[in-house]
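We did not get these values from a lab; they are worked out from the coordinates using the rules stated. Computed from a predicted structure; not experimentally measured. Positions of Cβ are generated from backbone atoms using ideal geometry, with glycine treated the same way; all protein chains shown enter the neighbour counts.
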Amino acid sequence: MCNEKSAFKMKSKVYFKTFGCRTNLYDSQAMIGALKDYEVTLDETQADLIVLNSCTVTNGADTHVRSYISQIEKKSNAKLFLTGCGAHTKGESLLKEGRIHGVFGQSEKLKIDTLLSKEKPFYDPGDLNYIDEAIVDDFIGKSRAFIKIQEGCDFRCSYCIIPFVRGDARSINENKILEQITRLALNGFGEFILSGTNVGSYGKNTNTSIAKLMKKISQIRGVRRIRLGSIEPIQITDEFKEVLDESWLEKHLHIALQHTSPTMLKLMNRRNIYNQDRELFEFLSDKGFAIGTDFITGHPGENEVIWDEAIKNIQQLPLTHLHAFTYSKRDNTPSSIMRPEINGKLAKTRLHEIQNIVDEKNYNFRKNFNLPLEVLIENKIDQNLYQGFDQHFNRIIIQSNEDLVGNWVNISNYEIQKGNNYAQL
């Protein structure tokens with residue numbers, strides 16, 4: 001007869017390290033939800049196994065993954081597994097180097113128990129045409145819920161590797177999305193961020209659209225705010241414009257431009273046209289929206305004339321937020337063989353220049369906004385200090401003696417500082 005100690009076997013602990021975009025955050029949560037034979041730990045030092053959900057959008061993203069692996073190798077004997085976009089670009093080489101135990105694609109994530117239990121090293125890239133069937137009903141350590149509504153991209157921007165590691169655009173079943181949000185709303189979530197590789201393509205070939213989906217989501221009890229991931233200018237259709245005045249839509253849209261020089265947009269094989277972009281941004285600004293964008297500096301061919309034109313155009317746009325990064329060569333993309341290449345130091349200088357312009361625009365936007373802020377408190381950052389984001393996706397620091405994490409607060413009196421707003425409750 002076995003004793004109590006031998007009859008009870010401790011589950012091995014798994015730590016999930018997530019790099020990159022909101023889609024990866026969702027995929028990590030889906031894996032956590034699918035785990036049955038293992039215990040999740042939020043402390044990597046306690047982990048027996050570590051799953052790296054990787055990003056490969058830039059060389060820097062690949063470097064971050066390799067650096068993390070090096071750190072773990074120095075201080076832990078944890079068994080490492082690689083998934084995410086980097087599994088398709090760097091997985092085989094890392095496996096051959098013996099630095100990770102297993103590699104698996106995003107389509108395999110619900111088999112997480114089986115994959116983690118494999119004794120021999122393995123490479124299972126999965127299927128780039130899969131449609132996600134995962135249902136996520138919680139987000140550990142988050143106040144907002146990230147909802148993946150589609151996968152893949154049909155755009156073929158000359159610099160981008162993502163379509164080759166995520167596949168073509170395909171939409172997740174609407175009923176699955178609505179079921180998921182209903183569960184999360186019952187669990188207390190009120191803000192939902194719709195994410196994917198190319199969010200605005202939702203509904204392609206399924207007789208629906210991102211606007212129709214948002215309307216249905218808004219009718220679910222408990223849904224207070226809907227926020228979109230990055231959307232393309234051409235995806236803001238007349239139908240989309242019909243929901244702009246709805247109270248549940250966050251007054252912030254992130255619209256990917258990547259550049260503002262017409263010459264550079266052609267080199268990048270982009271579908272947007274600057275003059276049309278400007279008209280759209282001015283229309284949204286007049287409706288009170290904060291507007292963010294993506295921007296790449298240092299793409300091959302970005303000479304001084306092109307850069308001067310881009311800066312002039314940026315100064316004209318009513319931007320409030322910016323996700324800028326320097327160009328990163330991705331093998332097997334058209335941009336990788338374009339010339340002339342731009343010095344990396346110059347690309348960083350240009351990045352800082354454009355960031356400074358948009359930071360000032362954001363500061364002025366906040367100074368000119370005189371209405372109360374509707375804030376969801378994200379987390380505690382220090383003793384009696386909390387961080388949240390308002391309806392324009394602007395950061396606010398709040399001092400309070402009460403625990404505010406996860407709460408919604410309306411704030412009328414606040415101080416407008418350079419980097420963020422500040423209030424005392």
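Quick notes on this structure:
- For the pair region 298-331 / region 234-263, the C-alpha centres are spaced 20 Å from each other.
- SER171, SER117, SER12 arranged by Cβ crowding within 10 Å, fewest neighbours leading: SER117, SER12, SER171
- Cα gyration tensor category, rounded, prolate or oblate, for region 88-130 with a/c compared to 1.5: oblate
- Fully extending the segment from ARG395 to ASN407, taken as 0.36 nm per residue of separation minus the present Cα-Cα distance, adds 2.8 nm.
- Counting every other Cβ atom within 10 Å of each residue's Cβ, MET338, MET10 order from fewest to most as MET10, MET338.
- Relative counts (whole %) of C-alpha pair distances in region 1-102, using bins that are 5 Å wide: 2, 12, 21, 23, 18, 11, 4, 3, 3, 1, 0, 0
- Sites counted here are trypsin sites (Lys or Arg not before Pro) in a DSSP loop (not H, G, I, E or B) having no more than 16 other Cβ atoms within 10 Å; the longest part of the chain that contains none of them is 330-417.
- For region 55-127, GluC sites (Glu not before Pro) are listed when DSSP marks them as loop and at most 15 other Cβ atoms sit within 10 Å of their Cβ; the list is GLU97, GLU119.
- Shape of region 328-425 from the C-alpha gyration tensor: prolate (a/c of 1.5 or more and a/b above b/c, with a ≥ b ≥ c the square roots of its eigenvalues).
- Label point 7 Å beyond Cα of ARG271 along Cβ direction - residues of region 170-185 with amide nitrogen under 19 Å: 170-172
- Cα-Cα P(r), region 107-236, percent of pairs per 5 Å interval: 2, 10, 18, 20, 18, 15, 10, 5, 2, 0
- The 3J(HN,Hα) values that the Karplus relation (6.51, -1.76, 1.60; θ = phi - 60°) gives for region 39-45 are, in residue order, 10, 7, 10, 9, 10, 4, 6 Hz. Gly and Pro appear as x.
- Bridge orientation summary for the chain: considering DSSP beta bridges with both residues in this region, about 30 percent are antiparallel.
- Over all projection directions, the Cα-based convex hull of region 373-424 averages an area of 3.2 nm².
- In this structure, the amide hydrogen of PHE146, modeled 1.01 Å from its nitrogen in the peptide plane, lies closer than 5 angstrom to those of ILE193, counting only residues at least 5 positions away or on a different chain.
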